[in-house]
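First up is the structure itself, then whatever we jot down about it.
The values are calculated or read from the model by the stated rules, or taken from the named source; none is laboratory data. No experiment lies behind these values; they were computed from the predicted model shown. Methodologically, a virtual Cβ is constructed for each residue, glycine included, from the backbone with ideal geometry; neighbour enumeration extends over all protein chains shown.
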Amino acid sequence: MRDNAKHIAIASVLALVVSALLLLGLQFVQLLPGPAASSQGVLVDRLFHWEVYVIAFVFALVMAFMLYGIVVFRRKPGDTGEGTYFKGNTPLEIAWTVIPLVVVCAFAIASGRDLTRILQASPNEMVIEVTGFQFGWRFYYPDAGVSSSELYLPRGEPILFRITSEDVIHDFWVPEFRIKQDAVPGQWHSLRITPTEAGDYTVLCNEMCGYAHAQMLAPVHVVEFDQFRAWVTQQKAGAPPAGTASTVGTGKTLVDQSGCLGCHSADGSESHGPTLKGLYGSQVQLEDGSTVVADDGYLAESIRDPGAKIVAGFGPEMPPAYSSLPDEDVNAIVEYVKSLK
């Protein structure tokens, strides 16, 4: 009996030492993508770290006892006898059943409490409508009447994102905000975030959505409220009045907001699709060996029916979502491409 108690005591000390080393080592490992930048993220981080600590302790406990048993109770040279027979240990079996059950229940309660806080509505929430499409994001601020391809958020203000998709399932995720939400065609889903740290972040699509999924990014700027208000004023000043003729400026806005730059560059650099710079008026080599002049008609057709004339070296990968653009929007985009000489 004394020997058993001694072995248990030694193995327990080893388990505690290994646990302490693991927990110490975890302090120097970046397990999450940067510090939490939202009040909801703080809740997620706290629960995540507690779970990792418990898992590390259980791992150390199992490994310490297992390795101790392998080393101490291994068969000695010349020992050909049978090991001591014993039949179970009821207190031990009860302990390793009840203790994990209590721990799991505690985490379930904590998770439910934090999820309730994350989903809880706040008074005076700012509504932002998020639309995902292959392969970009569009953000609309209904209270201000402003649309943008970049997401500007006032620090410390509760935000209600209403999220949808134009084509396939996407997933709206800013890693530093921790929580995410699917963008589903034909549905509006809600996500509440209160940004707490000013800085620049990136919206990612966290749902495989096509060949340019990795490029489906959008800048996020968390700024002070005065800066946010100034940005809204600037956006309103730059927006074209309703009913005015299409211009190069509106075409650029449409290209930015429609995600065209996810596949086409405007500066001549290589991308998934042909560059827009210097395209207008050039001779375009097609997949079938023929050439065509990139005039107004060709550009409009390429937007409306991207599979009609495939450029050599590029596949028929442009999504059909742009075929529904109004004529004035298509004309504005053509004018913008014409300006990229």
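Brief remarks on what is shown
Yes/no per residue for (1) part of a strand (DSSP E or B); (2) within 17 Å of A214 (Cβ to Cβ); (3) in contact (Cβ under 8 Å) with a residue 24 or more places away in the chain:
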residue: I128; (1), (2), (3): yes, no, yes
residue: F139; (1), (2), (3): yes, no, yes
residue: D143; (1), (2), (3): no, no, no
residue: E157; (1), (2), (3): no, no, yes
residue: L160; (1), (2), (3): yes, no, yes
residue: T164; (1), (2), (3): yes, no, yes
residue: D171; (1), (2), (3): yes, yes, yes
residue: E176; (1), (2), (3): no, no, yes
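A quick yes/no check of all residues on (1) hydroxyl-bearing (S, T, Y); (2) exposed (fewer than 14 other Cβ atoms within 10 Å of the Cβ); (3) assigned to a loop (DSSP other than H, G, I, E, B):
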| site | (1), (2), (3) |
| --- | --- |
| H272 | no, no, yes |
| T275 | yes, no, yes |
| G278 | no, yes, yes |
| Y298 | yes, no, no |
| F314 | no, no, yes |
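- I179 passes every criterion in (1) within 13 Å of the chain's Cα centre (by Cα); (2) under 30 Å from S271 (Cα atoms) apart from (2).
- Here V58 fits the description: surrounded by 11 or more Cβ atoms within 10 Å (Cβ to Cβ), of a type in the set (V, I, T) and touching a Pro at 6+ places or on another chain (Cβ under 9 Å).
- Taking residues in the stretch 14-30 that are over 25 Å from G69 (Cα atoms), and partners anywhere that are of a type outside the set (S, T, Y) and part of a helix (DSSP H, G or I), the pairs with Cβ atoms closer than 7 Å and at least 6 places apart or on different chains are L26/V52; L26/A56.
- Lone unmet requirement of (1) outside the structural domain of L47 (by TED's automatic domain parsing); (2) of a type outside the set (K, R); (3) part of a helix (DSSP H, G or I) for Y85: (3)
- Boolean, I118 is among the aliphatic types (A, V, I, L, M) and closer than 23 Å to L23 by Cβ: no
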